[in-house]
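This report refers to the structure that appears directly beneath it.
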Amino acid sequence: MERVEEDDPKQNNVKTRPKGGLVTMPFIFSNEICEKLAVVGFNTNMISYLTTQLHMPLTKAANTLTNFGGTASLTPLLGAFISDSYAGRFWTITVASIIYQIGMTCLTLSAILPQLRPPPCKGEQVCQQATAGQLAILYGSLLLGALGSGGIRPCVVAFGADQFDESNPKEATKTWKYFNWYYFVMGVSILVAVTVLVYIQDNIGWGWGLGVPTIAMFLSIITFIIGYPLYRHMDPSGSPFTRLVQVSVSAFKKRKLAMVSDPNLLYRNDELDASISVDGKLVHTPDMTFLDKAAILTEEDIVKPGQAPNLWRLNTIHRVEELKAVIRMGPIWAAGILLITAYAQQNTFSLQQAKSMNRHLTKSFEIPAGSMTVFTMVSMLSTIALYDRVLVRIARRYTGLERGISFLHRMGIGFMISVLATLVAGFVEVKRKEAALAHGLQDKAHSIIPISVFWLVPQYSLHGIAEAFMSIGHLEFFYDQAPESMRSTATALFWTAISVGNYMSTLLVSLVHKFSARADGSNWLPDNNLNEGKLEYFYWLITALQVVNLIYYICCAKLYTYKPIQIHGKDSGSEGDAGVELASKV
């Protein structure tokens, strides 16, 4: 990506402040905070809205939420493509935020206007479900929200990291801290959503519960735009997807050519790669040599001086290595899917568990079921702060790494804790059902079981600790290991893993619901009465899948090759190896 040149100082000798840096963080974080307030304030308690206001069956409501979460995490690929190829990160974030604002406004109106939802239930009568038109408004609002998220999520993270100049030693070490504090700020906004907003939704109404984040989103758009003169901007450098396809096509066309004996004979063109290698050039790696054929120069590829080659036949080694870097990230990306599948249950079945348990703190105050994720957020925020302020300093003494431990090790710790979280969840469900049976409430779906909701705290807290390790490590991994011209796209891969994890949850719930059904009407995941189900078996099934996934991840991490990059300005002893260092810096 090409950096925008700073304005020259005016003739009156007034110094121009360097753009970027910590001063831009409030403007960038405000956008992320309000986006998370809107998403989480909606998503955390929406299972209650869908089941009590729109009268959806439980499994349909759960799948609606995970499908929305999956779609909202898939659209970042589109947002990243537009950002990296055409619009740049600032304008992509701005337009996406406006689209999100429209979706949130429509959703708020659907909660305020009675004609946009079915009439409330009376007594024990069968509840009238939402009509096709009412559902269309709901789904349309969710789609606009998903499209808006698609532009915000991949760009805000990368745009914030862009504000620190990696070529400046004083700013380079701030980047990994930025990811910790980005996630911390995001966690605080989620904490507000699962406490204040959920309380408003349950006790004041959904109109205000959705209206507050809608107003906050509007204010964040204004704040973000005001910060425009302060930002360090990066010019879009063309479609990264096109470059990846060009390398693949040219390698296929030259598949029958013999490989050159010396990698230094492969095609290089510094002028052609200037806009996509600002921080340094990727150097040749010995794996996936079949792709190297895209950089073999033949007589047919020779062009006049100053003329660009046909990139559908010949590519530079830097562009070949871009594709290799993306391919290498694939297995690590896939490993994050199942953790999201496990995490997704907090907003579906774990919430239904909480609704059936005693949530009273005092005789007059009870915790809203949707606010139980506060324990996830508190444990996540505490872990991030402890990690940043204590654990990193301790680990640094033994590893010598600035980050304390590598992001691959950090992710592995998160995977192990997530296994423990779902294992514990299964045993807690057994305890909950035993209490229901002991008090004769097994067949009473809407009765409160006299067992404290705080039995759920361990599983919620373990999920928070797991996310503090795994998700931040995952995000760091994508930003660090991606080619510099694809960082929005790489950040989108982080959200795509979340998307696939949510879709995997939908698939898993549907399959378990279908194949666990018996002729007597019993089911692991019943639609109406969780007390008659086998939710613990479902949790333990996820635990077993996560154990397999952990073994898979360990193998992938051991085999992973960090991208080597030749930093501009390094002293060179020889052309091939000069100034080469691992881009991970860990």
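The values are calculated or read from the model by the stated rules, or taken from the named source; none is laboratory data. Since the structure is predicted, the reported quantities are computational estimates derived from the model, not experimental observations. Here Cβ is always computed from backbone atoms with ideal geometry, including for glycine, and neighbour counts include all displayed protein chains. Accessible surface areas use protein heavy atoms only, side chains included; no ligands, DNA or RNA. Shrake-Rupley method; radii C 1.70, N 1.55, O 1.52, S 1.80 Å.
Quick notes on this one:
- Taken over the range 520-540, the residue count meeting the criterion of being farther than 17 Å from Ser505 by Cα and in contact (Cβ under 8 Å) with a residue 60 or more places away in the chain is 5.
- Whichever residue in the range 372-405 is of a type outside the set (A, V, I, L, M, F, W, C), open to solvent by less than 10 Å² (accessible area, probe 1.4 Å) and in contact (Cβ under 8 Å) with a residue 24 or more places away in the chain and, among such residues, is farthest from Ile451 (Cα to Cα): Asp388
- First in the range 485-506 and outside the structural domain of Ala62 (by the TED database), second anywhere and outside any helix (DSSP H, G or I), Cβ under 6 Å, 6 or more apart: Ser485/Met1; Ser485/Ser237; Ala490/Ala482; Ala497/Gly336
- Scanning the range 334-357 for residues that are of a type in the set (Gly, Ala, Ser), within 16 Å of the chain's Cα centre (by Cα) and in a helix (DSSP H, G or I) yields Ala334, Ala335, Ala342, Ala344.
- Unmet criterion (only one of (1) surrounded by 20 or more Cβ atoms within 10 Å (Cβ to Cβ); (2) in contact (Cβ under 8 Å) with a residue 60 or more places away in the chain; (3) among the hydrophobic types (A, V, I, L, M, F, W, C)) for Ala295: (2)
- Among the residues of the range 346-371, those that are hydrophobic (A, V, I, L, M, F, W, C) and either touching a residue at least 12 places away in the same chain (Cβ under 8 Å) or in contact with a Leu (Cβ under 6 Å, 6 or more places away or on another chain) (or both) comprise Phe349, Leu351, Ala354, Met357, Ile367, Ala369.
- The range 43-52, residues that are open to solvent by 20 Å² or more (accessible area, probe 1.4 Å) and at pLDDT below 75: Asn43
- Any hit, the range 383-394, residues being modelled with pLDDT of 90 or more and not assigned by the TED database to the domain that holds Ala62: yes
- Scanning the range 298-313 for residues that are among the hydrophobic types (A, V, I, L, M, F, W, C) and more than 35 Å from the chain's Cα centre (by Cα) yields Ile302, Val303, Ala308.
- Residue check for Pro286: under 34 Å from the mean Cα position of the chain (by Cα) and in a loop (DSSP other than H, G, I, E, B): yes
- Residue that is modelled with the lowest pLDDT, among those in the range 353-371 that are buried (at least 22 other Cβ atoms within 10 Å of the Cβ) and farther than 18 Å from Pro458 by Cβ: Gly370
- Contact map, the range 90-119: residues that are in the same structural domain as Ser141 (by the TED database) and polar (S, T, N, Q) paired with residues that are open to solvent by 10 Å² or more (accessible area, probe 1.4 Å) and not in a helix (DSSP H, G or I), Cβ distance under 9 Å, separation 6+ or inter-chain. Pairs shown: Ser110/Arg117.
- Residues of the range 410-423 classified as surrounded by 18 or more Cβ atoms within 10 Å (Cβ to Cβ) and free of Cβ contacts under 8 Å to residues at least 60 places away in the same chain, total: 1
- Cβ pairs under 6 Å, 6+ apart, first in the range 542-559 and over 23 Å from Gly426 (Cα atoms) and of a type in the set (A, V, I, L, M), second at pLDDT below 95 and in a helix (DSSP H, G or I): Ala557/Leu408
- Unmet criterion (only one of (1) open to solvent by 80 Å² or more (accessible area, probe 1.4 Å); (2) at pLDDT below 85) for Asp235: (1)
- Unique match (being acidic (Asp, Glu), assigned to a helix (DSSP H, G or I), open to solvent by less than 40 Å² (accessible area, probe 1.4 Å) and within 12 Å of Asn531 (Cβ to Cβ)) among Glu434, Glu429: Glu429
- Tally of residues being free of Cβ contacts under 8 Å to residues at least 40 places away in the same chain and in a helix (DSSP H, G or I) across the range 204-228: 3
- Checking each residue in the range 243-274 for being among the small types (Gly, Ala, Ser) and open to solvent by 40 Å² or more (accessible area, probe 1.4 Å) picks out Ser248, Ala258, Ser261, Ala274.
- Selection count, the range 229-255, where residues are among the polar types (S, T, N, Q) and either within 27 Å of Ile93 (Cβ to Cβ) or part of a loop (DSSP other than H, G, I, E, B) (or both): 3
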